[in-house]
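Input: a single structure, listed below in C-alpha cells.
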Number of protein chains: 2
Amino acid sequence: MKKKVYFAGSIRGGRQDETLYREAIEYIKLTDIVLTEHVGDLSLNALEGTVDRDTRIYLQDTNWLRECDLVIAECTHPSLGVGYELAFAEKLGKPCYVLYRPAEAQLSAMIKGNSYFQVFDYDSLKDLAGILDGILEEV
Amino acid sequence: MKKKVYFAGSIRGGRQDETLYREAIEYIKLTDIVLTEHVGDLSLNALEGTVDRDTRIYLQDTNWLRECDLVIAECTHPSLGVGYELAFAEKLGKPCYVLYRPAEAQLSAMIKGNSYFQVFDYDSLKDLAGILDGILEEV
C-alpha cells in the first residue's frame, strides 16, 4: 500500500532549496504519495489568495500531519515552520526523518540531540535517492 | 514575584540578531528572570565541549521549557530550533509571544495562522521595550 508522506521544507524562510525539494518529492511520488507537493512547487498551493490564508495553511498542514504515515523533512535551510512541524509530528508519534547537508548547515540541537528523530546527512542530490529508498522501505 | 522567561532566538540558524537578542534579554532581566541567557551571548553556554553536547542542549532546553512561566521568541531570522521550541511550549500550554520585523521576514503560517500564539510585529530595537513591558505585565 502506498504511504502518505508529509514532505517538509522551507517556504517563507527561503526557497534556495526549491529544486531539491521538487526532485525529492518527484522521487517519492514514483512509489508513494506526497501530501505536501506545494513545498516543491508553490504554484500548486491552492491556498493562495484566500481570505485568512495563514489560518487555512495552518489547519491544512496540521491535518496533513495527522493523516500522514511519515514525515520527511529537509532541514539544510533553517525554517521556523519546519521546526514547528517536526515537534507537532513528534507529539503525534509519527515517524520523522530529517535530511541535511552538513557542509552547508549546522542542524539544531533540538533535532540532533533528540533521539526521536532519525537524522541523515548527505552531500548532494544524487545521494538522496538511496536515503529516500531506505526510509520508504523502513516505514 | 519574578517570572521565568524562556527567550528563544536563532543559534545555529544564524546569529545576525545576536545584539538584539542580548539587548532584549538584558531588558527582561531588569524585572524578571531569563533562563536562556546564552541565546544573547553564546560564551555563557556552559554546555560547550561536553561529550554529547546536542543531547545535553536538548535536555536542558526542554527542561527550561517545562520550568518557564512564558516563552518570548524573536522569529525574524528563520530557525528550526525556535520552531521546535514554540510547538513544544504550545503542547505544555505555556503562554507564547512571538516577535518579528515584517520588513525583514515573512512569518511562517504555522505560527501566524495558529491562534495559540500572540504575534507582535515591530520595526526596530527601540520599539521592543514597550512590547516586552506589555508581555511581562500580562502574564
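The values are calculated or read from the model by the stated rules, or taken from the named source; none is laboratory data. Quantities reported herein were computed from a predicted structural model and do not represent experimental measurements. Reconstructed Cβ throughout: ideal geometry from the backbone, glycine too, with neighbour counts over all protein chains shown. Protein only, heavy atoms only, side chains kept; ligands, DNA and RNA dropped before computing areas. Shrake-Rupley method; radii C 1.70, N 1.55, O 1.52, S 1.80 Å.
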Of these, B:86, B:65, B:80, which one is more than 30 Å from residue A:38 (Cα to Cα) and not polar (S, T, N, Q)? B:65
Any residue at all in segment A:123-132 that is under 17 Å from residue A:11 (Cβ atoms), among the hydrophobic types (A, V, I, L, M, F, W, C) and touching a residue at least 24 places away in the same chain (Cβ under 8 Å)? no
Every pair of residues 6+ apart whose Cβ atoms lie under 6 Å, when the first sits in segment B:9-21 and is within 12 Å of residue B:76 (Cβ to Cβ) while the second is part of a helix (DSSP H, G or I): B:9/B:21; B:9/B:39; B:20/B:125; B:21/B:39
So which of B:61, B:52, B:123 is over 16 Å from the mean Cα position of the chain (by Cα) and under 18 Å from residue A:113 (Cβ atoms)? B:52
Residues B:69, B:41, B:61, B:52: which one is within 12 Å of another protein chain (Cβ to nearest Cβ) and open to solvent by 30 Å² or more (accessible area, probe 1.4 Å)? B:52
Going residue by residue through segment B:120-128, is there one that turns out to be among the acidic types (Asp, Glu), within 14 Å of chain A (Cβ to nearest Cβ) and open to solvent by 50 Å² or more (accessible area, probe 1.4 Å)? yes
What about residue A:87, is it free of Cβ contacts under 8 Å to residues at least 40 places away in the same chain, part of a helix (DSSP H, G or I) and under 30 Å from residue B:60 (Cα atoms)? yes
Among the residues of segment B:95-111, is any open to solvent by 30 Å² or more (accessible area, probe 1.4 Å), under 29 Å from residue A:107 (Cβ atoms) and among the basic types (Lys, Arg)? no
Restricting to segment B:12-36, count the residues that are crowded, with 17+ Cβ neighbours inside 10 Å and not in a loop (DSSP other than H, G, I, E, B). 8
